[in-house]
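The values are calculated or read from the model by the stated rules, or taken from the named source; none is laboratory data. Here the structure is a predicted model, which means the values were calculated and not measured. With ideal geometry, Cβ positions are generated from the backbone for all residues, glycine too; neighbour counts draw on all protein chains shown. The protein model used for the area step is the full one, side chains on, heavy atoms only, and it has no ligands, DNA or RNA in it. Shrake-Rupley method; radii C 1.70, N 1.55, O 1.52, S 1.80 Å.
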Amino acid sequence: MFLNFDFIYDMGVKLLLEKAHVEGIKNYDVYRREGGYRSAEKALKTMSPDTIVEEVKKSGLRGRGGAGFPAGMKWSFIAKPEGVPRHLVCNADESEPGTFKDRYLMEYLPHLLIEGLIVSSFALGSNDTYIYIRGEYAWIVDILEQAITEAKNNGWLGKNILGTGFDCNIHVQRGAGAYICGEETALLESLEGKRGNPRIKPPFPAVKGLWQRPTVVNNVETLCAVVPVINMGGEEYAKIGVGRSTGTKLISACGNINKPGVYEIDMTISVEEFIYSDEYCGGIANGKRLKACIPGGSSVPILPANLLLKTAKGETRYMNYESLADGGFATGSMLGSGGFIVLDEDQCIVRHTLSLTRFYRHESCGQCSPCREGTHWMDRIMRNIEYGKGKMSDIDLLWEVQGNIEGNTICPLGDAAAWPVAAAIRHFRDEFEWHITNPDEAQKRNFGLAHYADPFLNITA
Amino acid sequence: MGDLVKVIIDNIEIMVPPGTTILHAARMIGGEVAPPTMCYYSKLEDSGGKCRTCLVEVSKGSEKDPRPMPKLVASCRTGVMDGMEVKNITSERVLKAREGVTEFLLINHPIDCPVCDQAGECYLQDLSYAHGKDKSRFDFQKRVFKKIDLGDKIQLHMTRCIMCYRCVFVADQLTEKREHGVLDRGDASQIATYIEKSLQNDFIGNVIDVCPVGALTDKTYRFKNRVWFTKPVDAHRDCTNPKCCGEVRLWMRGDEVYRVTGRIDEWGEVKDASNGKPGWICNECRFEKKRVSDWVIEGPTNVNRHSVISQGHYVGLQKPQEPLPKVLHGRDPKILLDIHDVSGVNKPNIHLSELKRPAHSTDFEK
Ligand SMILES: Cc1cc2nc3c(=O)[nH]c(=O)nc-3n(C[C@H](O)[C@H](O)[C@H](O)COP(=O)(O)O)c2cc1C
Ligand code: SF4
Ligand code: SF4
Ligand code: FES
């Protein structure tokens, strides 16, 4: 018998979404029949909490919520003071523009998340685990509640699970529609019933989190990925992918592509392949040309086509943490949350940047002055430029304002608001200038592709 | 108390107890080495970290881990480590960031100092003199809110607010349990009338003292005087409220008490009282006791000579001898003209300090 390796390569490895389209996989019976809850069985019956943490460390699994912090390391930081309960909190607030992978997981594979939560709760010693879910995902709450009830009825939750003496309950809490409540400490405040202002760190949640108790906050996808890590073992998991980008990553692709959707990749494919192959995005819609892309959710720097497909050194850019970040902020971007937003030649970068400044202005919690005032100011300037009332000096002013925000705020939302503006000016300054020198024309047509897809000339002074 | 740890701030070495914040260590050194603070208030738990004016550069983390901290840190919320080296005014980065923060705080501030009761004791004024640009780069209409009366004694002029959250902490920590008084997000966020209700509480008047700007002002003093025309005098009374320290500052003009506040120290915070109680004062002392006879006067307040308030300063003043009785052989001079009667300034029978409300133009008609 021949093994068709090409086929496996083409399809990529699927660890999370493999069973997403099995009929009835949302229900416990089907999920279990398809091999579900194996990892929970293995973990609770044959492993100790410490060995689970070790496996996760070995797997190299990095947080999928945006920052990419190694999950096993985060787990090993959790403080264990005598007699104080600990908590695991699942961050399902998914509100980063362009990101919709967690939604997909929870809608199609709710039991995968519950299974991941059981294993992780056991590893961390969390008897009460919380899912904080974006308020707008109202219908998913019912799906999760049903999965939790089914898991409980089948002995996977509640008291003395599988006779191990471990008790665990999972509670679902809806947010009220604030992006900032996805920031982990704002999330904890909100979960405690307070206004969702990010906390000033330190102390970090691992020491003082929910109700001042040691807490780990992880993204939905991170916690789902714990299931394959335990099933196949950390070392096997780490063999997938490349370098410090191990395992598989979900990418939610959107914008001007033929096939928007959620894709699971193993982080060895190139950006070009991801955009143009039929397996994934299927190329730019309507036969147009690629102009720019935000590869990791609205907070990461936008890249022009030439820097997206190739790094400044002229090497192929790959869909993983290291390659997307190659070149730093000057010529690179980030994998972030995996919200992959593609812009074709007819998209206006100024208008697009305006919609982001508007978003961050609206979502700033308003607690610290650089973010509260800076996001507002940038939005006002961007509006002027977009609507033909800009001045040349506005571009430099924008640059300064974003620079005064970045790094000076309580939480990373300030940076997230500053970076898109900085990157837009850095790479698309011509287009901003054109808007200012041609205020009337800019109301009627777009700047177009210009030279943004031309081979990148690395000018080093 | 454990051993002291060593920190170096702007090249000045100081030994402090472990757990001290960078800010407090810098305040121990004093002078310009102490970063400006617009939101931190040592007497209010959880305060600080928000305004970002106190950012400093940590150029050496500690003796054990000498790596510098990559970002500037809020000195009011960052603890010192043994061997830490901090740069405040010796760091270009800090000065630039502080200029940026000052600009941010001002872009939505009305800068209506000429009609603001806080002028002369406003920390935003001080900050912008020290760190502001001389020209605004903000070309837009500023955000404006309606004035709100928080009961009959306090006015909230949200347009001037810098969202330091201090008044929220006062409402939380000094009055009946309240979670917060902030509504909405981002540049639309505001201190909201939630605290209107806690006005029932004896201690809500302290929000006026903690407010670094003129967003919360005393209506019984409103528009009656400029602070630099009044003279601060320390005084106390036997207040029956068990939580009130009874030690205050009277702001006087002649024999009239225009305003009563807590005693503010050099960092703009109320001082602990001599009886050990925190320096907060009750509403009765603040709003109802406006006669000299209500108080035991201790003496004039020591005012920093750089403060505009010191222009009416009279500590250590040598009063020249009254020459008239001497030359008139003991007779009193005869008053030929009572300025109060003939001046066009205000009605002789009106004493501004005794009005229970803001002064109004009609009070000045003759
Ligand atoms: C403004 C802001 C919004 C965020 N929103 C989310 C979110 O919706 N979902 C998420 O998983 N992480 C979000 N994060 C990141 C979290 O703070 C946190 O790092 C993450 O949940 C940790 O999980 P991970 O280590 O598994 O990635 C956000 C961070 C910021 C600063
Ligand atoms: S950076 Fe923005 S969102 Fe984060 S705490 Fe400050 S004001 Fe709030
Ligand atoms: S009203 Fe005053 S004390 Fe309250 S947040 Fe605003 S500036 Fe701070
Ligand atoms: S005083 Fe430290 S941040 Fe405001």
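Pairing each residue of segment A:365-388 that is over 20 Å from B:Gln190 (Cα atoms) and more than 9 Å from chain B (Cβ to nearest Cβ) with any residue that is of a type outside the set (Gly, Ala, Ser) and not in a helix (DSSP H, G or I), provided the two are 6+ apart or on different chains, yields C-beta distances under 7 Å for A:Gly388/A:Pro439; A:Gly388/A:Asp440. The set of residues in segment A:324-364 being free of Cβ contacts under 8 Å to residues at least 24 places away in the same chain and within 17 Å of the chain's Cα centre (by Cα) consists of A:Ala325 alone. For segment B:151-162, state whether one or more residues are at negative phi, assigned to a loop (DSSP other than H, G, I, E, B), within 16 Å of ligand 4 (Cβ to nearest atom) and outside the structural domain of B:Arg357 (by TED's automatic domain parsing). Yes; the residues of segment B:151-162 include at least one that is at negative phi, assigned to a loop (DSSP other than H, G, I, E, B), within 16 Å of ligand 4 (Cβ to nearest atom) and outside the structural domain of B:Arg357 (by TED's automatic domain parsing).
One residue stands out in segment B:70-95 among those that are small (Gly, Ala, Ser) and more than 9 Å from chain A (Cβ to nearest Cβ): the one that is surrounded by the fewest Cβ atoms within 10 Å (Cβ to Cβ), namely B:Gly83.
Results for (1) charged (D, E, K, R); (2) away from ligand 2 (no atom under 16 Å from the Cβ); (3) touching an Asp or Glu at 6+ places or on another chain (Cβ under 6 Å), shown as yes or no for each residue.
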position	(1), (2), (3)
A:Met47	no, yes, no
A:Lys57	yes, yes, no
A:Glu82	yes, yes, no
A:Ala92	no, yes, yes
A:Ser95	no, no, no
A:Glu107	yes, yes, no
A:Leu112	no, yes, no
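Residues that are among the aromatic types (Phe, Trp, Tyr), under 28 Å from B:Arg27 (Cα atoms), in a loop (DSSP other than H, G, I, E, B) and not assigned by TED's automatic domain parsing to the domain that holds B:Leu355 occur at least once in segment B:273-286.
Applying the criterion of being over 13 Å from A:Ser120 (Cα atoms) and within 16 Å of ligand 1 (Cβ to nearest atom) to the residues of segment A:32-60, the residue that is surrounded by the most Cβ atoms within 10 Å (Cβ to Cβ) is A:Ser59. A:Asp396 meets the conditions (1) over 30 Å from B:Leu72 (Cβ atoms); (2) open to solvent by 80 Å² or more (accessible area, probe 1.4 Å) in every case but one. The failed one is (1). Scanning segment A:174-186 for residues that are out of contact with any Pro (no Cβ under 8 Å at 6 or more places or on another chain), open to solvent by 20 Å² or more (accessible area, probe 1.4 Å) and under 16 Å from A:Asn219 (Cβ atoms) returns A:Tyr179, A:Gly182. For segment B:166-206, what are the residues that are modelled with pLDDT of 90 or more, closer than 27 Å to B:Asp272 by Cα and in contact with a Lys or Arg (Cβ under 6 Å, 6 or more places away or on another chain)? Residue satisfying the conditions is B:Gly205 alone.
Per-residue answers, yes or no, for (1) within 14 Å of ligand 2 (Cβ to nearest atom); (2) among the acidic types (Asp, Glu); (3) over 22 Å from B:Val73 (Cβ atoms):
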| site | (1), (2), (3) |
| --- | --- |
| A:Glu406 | yes, yes, no |
| A:Gly414 | yes, no, no |
| A:Val421 | no, no, yes |
| A:Ile425 | no, no, yes |
| A:Glu433 | no, yes, yes |
| A:Gly448 | no, no, yes |
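Tell me whether segment A:380-387 contains one or more residues that are over 29 Å from the mean Cα position of the chain (by Cα), in a helix (DSSP H, G or I), buried (at least 16 other Cβ atoms within 10 Å of the Cβ) and polar (S, T, N, Q). Yes: segment A:380-387 contains one or more residues that are over 29 Å from the mean Cα position of the chain (by Cα), in a helix (DSSP H, G or I), buried (at least 16 other Cβ atoms within 10 Å of the Cβ) and polar (S, T, N, Q).
One line per residue, one yes/no per condition, for (1) closer than 22 Å to A:Leu356 by Cα; (2) free of Cβ contacts under 8 Å to residues at least 24 places away in the same chain:
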{"residue": "A:Val242", "(1), (2)": "no, no"}
{"residue": "A:Lys249", "(1), (2)": "no, no"}
{"residue": "A:Ile269", "(1), (2)": "no, no"}
{"residue": "A:Ser277", "(1), (2)": "no, yes"}
{"residue": "A:Leu290", "(1), (2)": "yes, no"}
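Checking A:Leu335, A:Leu356 one by one, the residue that is touching a Ser or Thr at 6+ places or on another chain (Cβ under 7 Å) and within 15 Å of ligand 1 (Cβ to nearest atom) is A:Leu356 and no other.
Which one is farthest from the chain's Cα centre (by Cα) among residues in segment B:116-149 that are free of Cβ contacts under 8 Å to residues at least 24 places away in the same chain and within 29 Å of B:Gln311 (Cα to Cα)? Applying the filter and picking the extreme gives B:Lys135.
Could you list, in sequence order, all residues of segment A:405-418 that are assigned to a helix (DSSP H, G or I) and surrounded by fewer than 24 Cβ atoms within 10 Å (Cβ to Cβ)? Answer for segment A:405-418, where residues must be assigned to a helix (DSSP H, G or I) and surrounded by fewer than 24 Cβ atoms within 10 Å (Cβ to Cβ): just A:Asp415.
Being open to solvent by 20 Å² or more (accessible area, probe 1.4 Å) and among the aliphatic types (A, V, I, L, M), is that true of even one residue in segment B:130-147? For segment B:130-147, residues open to solvent by 20 Å² or more (accessible area, probe 1.4 Å) and among the aliphatic types (A, V, I, L, M): present.
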